[in-house]
Amino acid sequence: MNIPLVPVHELAEQIRGVTYAKDEASSAPAPDRIPILRAGNIKDHGLDLSDLIFVPEPRVAEKQKIRPYDVIVATSSGSLDVVGKAAQARQHFSGSFGAFCKVLRPNSRIDPRYFAHYFRTPAYRARISSLAAGANINNLRTEHLADLEIPLPSFNKQRTIAEALDQADELRLKRRAALAHLDDLAKSIFINMFGDLRHDGGSFNTVPFSGVVREFRYGTSSKSTSTGYATLRIPNVIGGTLNLDELKAVPATTAEFERLRLTDGDLLFVRTNGNPDFVGRCAVFDQALVKDSGFPTDQFLYASYLIRARVDEQRVLPTFIQQFMSGSAGRSSLRDRCKTSAGQYNLNTAGLGSVQVPVPPLQQQQEFVDRISDVRALRATHESSLAEMDALFASLQDRAFRGLL
């Protein structure tokens, strides 16, 4: 069946984001201010309404206030992976969006949920990647979005497709919720075993982190290429573990490889980011976590925006330190040691090494590691199931927008 292709400019209005001076933005809400979404608020699973900024209400035109079913698109970013990301406002949000984003507001010719699903399809991502690879490398222009063509079956068929995709997506959301509950369980086990460590390590002796670290080292600053060693970067250290969705390869000399090669138990810390809550984010390297990467598990390196810490495992266990640094006490200490420069927050080895860490008995740390291993094994099962769901959802999207449903 031939389905007509209709350009976006015939199906939606394109609206520019709000511009404001840097000193007009605040992280604190106020009665005369409006929350603003930025590119970082656009996630694969939808809009993330945390980490908002607030600008004076007169800066925002009535048309720029987000309405239900608006599709917010990241049109400019320092990361090519972010450009083109899109999410729909499925609930009421009394706010607007910044100048590095645009809103596509669908008209009556197209079912708004069907419209939004198009911007999550493999075909859309492929088209955006080809546009972003052009001269205007990190930006989408008005015409880029306006000229995108969407298959437009009958309105009833659009609604049927949208409902099917919504149901499939709801299953993925439930799986993500289960993963979040497991993360909360890990935190609860830690608090139950070691108590509240926000005040001087609780009942345990504390030492500067540098006192239990055998070596701090920054990673490689070489650029990624089509060949080389698998190299972990900032996007790979998330959620207290390793995410391999955006894994890159980097060349290295024999000497550099030996110096930067990761071994089991290495702690990796994010040392720079535009969001201070991301600085100090950490994970423990384990070959078991990268076995499905397609790269040799014993030949992983790490990039310069990460710090590797090799701890003295006769005193502290890496998993215990990772959980402490990810908890409220560790996060507070790490944030206090961040320095700002040109809008970036930075953490160096001196600051990281000065964090006071508790040192419980090694046997107690090992008991925690054993208990948390069971939680993480269950988490891995859920993650594998979610990956299968994601693949099936992508296939379903592709079939839907090729008229095969």
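Quick rundown of the values:
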read-out: Residue among 204, 8, 153 farthest towards the positive dipole end of the chain, charges placed on Cβ; value: 8
read-out: Efficiency of FRET from Cβ geometry, residue 314 and residue 109, R₀ 60 Å, rounded to 0.05; value: 0.30
read-out: Extension gain from residue 156 to residue 207, taking 0.36 nm per residue of separation minus the Cα-Cα distance; value: 11.8 nm
read-out: Dipole of the chain, positive end: most advanced residue of 280, 253, 29 [Cβ charges, Cα centre]; value: 29
read-out: In nm, spacing of pseudo-spin labels at residue 193 and residue 180 (7 Å Cα→C-beta vector); value: 2.5
read-out: Within the accessible area of the chain (1.4 Å probe), percent carbon and sulfur; value: 50
read-out: Cα-centre dipole for region 142-292 with unit charges at Cβ (Lys and Arg positive, Asp and Glu negative), debye to 20; value: 300
read-out: Over region 193-293, volume per residue of the alpha carbon convex hull, in Å³; value: 144
read-out: Debye, to nearest 20: dipole size of the chain, +1 on Lys, Arg Cβ, -1 on Asp, Glu Cβ; value: 700
read-out: Calculated from backbone phi, Karplus (6.51, -1.76, 1.60) coupling profile of region 27-32 in Hz, x at Gly/Pro; value: 8, 9, x, 7, x, 9
read-out: Residues whose placed amide H lies under 5 Å from that of residue 12, excluding near-sequence neighbours; value: 107
read-out: Karplus (6.51, -1.76, 1.60) ³J(HN,Hα), θ = phi - 60°, over region 234-249, in Hz, Gly and Pro reported as x; value: 3, x, 8, 10, 8, x, x, 9, 9, 10, 9, 5, 10, 6, 10, 10
read-out: Extent along principal axes [Cα atoms of region 91-184; Å; largest to smallest]; value: 44, 37, 30
read-out: Pairwise Cα inverse-distance average, inverted: Kirkwood Rh of the chain (Å); value: 23.4
read-out: Dipole-positive endmost among 395, 348, 301 within region 300-399 (Cβ charges, Cα centre); value: 348
read-out: Stretchable slack from residue 5 to residue 227, in nm (0.36 nm times residue separation minus alpha-carbon distance); value: 76.1 nm
read-out: The chain: antiparallel DSSP beta bridges as a percent of all, rounded to 5; value: 90
read-out: Under Karplus coefficients 6.51, -1.76 and 1.60, residue-wise ³J(HN,Hα) of region 204-217 in Hz, glycine/proline x; value: 9, 5, 10, 9, x, 3, 4, x, 10, 10, 7, 7, 9, 7
read-out: Label point distance in nm, residue 405-residue 292, each placed 7 Å from Cα along Cα→Cβ; value: 2.5
read-out: Paramagnetic reach from residue 51 in region 217-255 [backbone N under 18 Å; point 7 Å along Cα→Cβ]; value: 233-246
read-out: When each of 43/65; 43/174; 174/339; 85/174; 223/291 is checked by Cα-Cα distance, pairs over 27 Å; value: 174/339
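The values are calculated or read from the model by the stated rules, or taken from the named source; none is laboratory data. Because the structure is predicted, anything quoted here is derived from the model rather than measured. All Cβ positions, glycine included, derive from the backbone under ideal geometry; neighbour counts span all protein chains shown. Protein only, heavy atoms only, side chains kept; ligands, DNA and RNA dropped before computing areas. Shrake-Rupley method; radii C 1.70, N 1.55, O 1.52, S 1.80 Å.
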